[in-house]
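Below is one structure, written out as structure tokens; the observations come after it.
The values are calculated or read from the model by the stated rules, or taken from the named source; none is laboratory data. Everything numeric here is computed off the predicted structure, so don't read it as measured data. Cβ atoms come from the backbone with ideal geometry, glycine included; neighbour counts cover every protein chain shown. For the accessible areas, the whole protein counts, side chains as well, though only heavy atoms, and no ligand, DNA or RNA atoms are used. Shrake-Rupley method; radii C 1.70, N 1.55, O 1.52, S 1.80 Å.
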Amino acid sequence: MAEAFVSTEERAAFIAGLPKAELHLHIEGSLEPELMFELAQRNNVAIPFASVDEVRAAYAFSNLQDFLDIYYQGMGVLHTEQDFHDLTAAYLVRAHTDAVRHVEIFFDPQGHTERGVAFATIIAGITRALDDARARYGMTSKLIMCFLRHLSEADAEKTLDAALPYLDRIDGVGLDSSEVGHPPAKFERVFARARTLGLKLVAHAGEEGPPAYVHEALDLLKVDRIDHGNRSLEDPALVARLAAEGMTLTVCPLSNLKLCVVDAIDAHPLRTMLVAGLRATVNSDDPSYFGGYVNANYLAVADALDLSKDDLITLARNSFTGSFLNDAEKAKHLAAIDAYA
Ligand code: HPA
Ligand code: ZN
């Protein structure tokens, strides 16, 4: 019999100390309104908000595109190496507070280079903060460069070219932004080149797009992980395949709620995924915009679905098993979860 929690407080306390990895986090989506204002002032950038409260009030979305419009606008305050450092450092403090031991961070270079920010500036700022977190907290990290799928594959190819001098600091490539109408097939060649460069491969698929996009991410892009993947559940053969292949899904409950991928948090498919044998993980996606960092995501979905201690342990174990750490590092973290449990 799975051990049940008697209260939200007991569940929250268990989640708070549970060692975990975060595998789906857009660093630009961790930009809190307070820092947005600070950077706007520092860089003399105009933003269309008069106060932090006004910014938060604008965070009401009815779909992915509603969010993306405001997300690209928000990242416009990021200009200098120090800005990218401060953004990343602020996230890492929050992650450390949430017992995150390892993080795999997405960044969107095209959202910055198109505004005239140099690739070197982005990488230098982010990696300085990552290196500090390793020294300070022992927190390890991987960096994943995402291609914006609403732009062309040629643009993605140029972005991969620009990344070549920094491949010692970039571990993988991903695919994000507006999903419907921009299927994985559009990026087959650039993903193939990334693969020959030894990069790990992930793609957002099945967030708003159909199960066919998840099939394409697997068959054409040959991804190592699927980001979101919710709509896979509409296709039983796909579910069986994902389970058989031990494919990790990076699920983001509060994001799904805020972007109306689910109608209510108690309608979230996370339990269904676990019951189907899918290697689901819990992540925050864009925590500043969606109302919570990783532990808030664990707690919201665990409360709504009445997840047991065993379920939470499975989710935390999946986060390390599905990470891009090596086997020895994974084993160390899994042992720490066992010791905690
Ligand atoms: N989906 C697609 N693109 C994104 C997301 C997301 O959840 N967050 C940031 N870019
Ligand atoms: Zn995402």
Give the accessible surface of the range 8-340 per residue, rounded to a whole number of Å², with probe radius 1.4 Å and ligands, DNA and RNA excluded. 36 Å²
Put a dot 7 Å past each Cα toward the Cβ at residue 272 and residue 3; how far apart are the dots in nm? 3.0 nm
Could you let me know the centre-to-centre spacing of the range 3-55 and the range 188-221, using Cα atoms, in angstrom? 28 Å
What is the range 8-340's relative contact order, in percent, from Cα pairs under 8 angstrom and six or more apart in sequence? 21 percent
Ignoring ligands, DNA and RNA, what percent of the 1.4 Å accessible area of the range 1-106 is carbon and sulfur? 54 percent
Per-peptide average of other Cβ atoms within 10 Å, ordering 201-208, 152-159, 312-319, 77-84 highest first: 201-208, 312-319, 77-84, 152-159
In the neighbourhood of residue 205 defined by beta carbon distances under 9 Å, the net charge of the other residues (Lys, Arg +1; Asp, Glu -1) is -3
Quick one: if the Förster radius is 41 Å, what FRET efficiency do residue 260 and residue 331 give, using the C-beta to C-beta distance and rounding to 0.05? 0.55
Accessible surface of the range 273-341 [probe 1.4 Å, protein heavy atoms]: carbon and sulfur percent: 50 percent
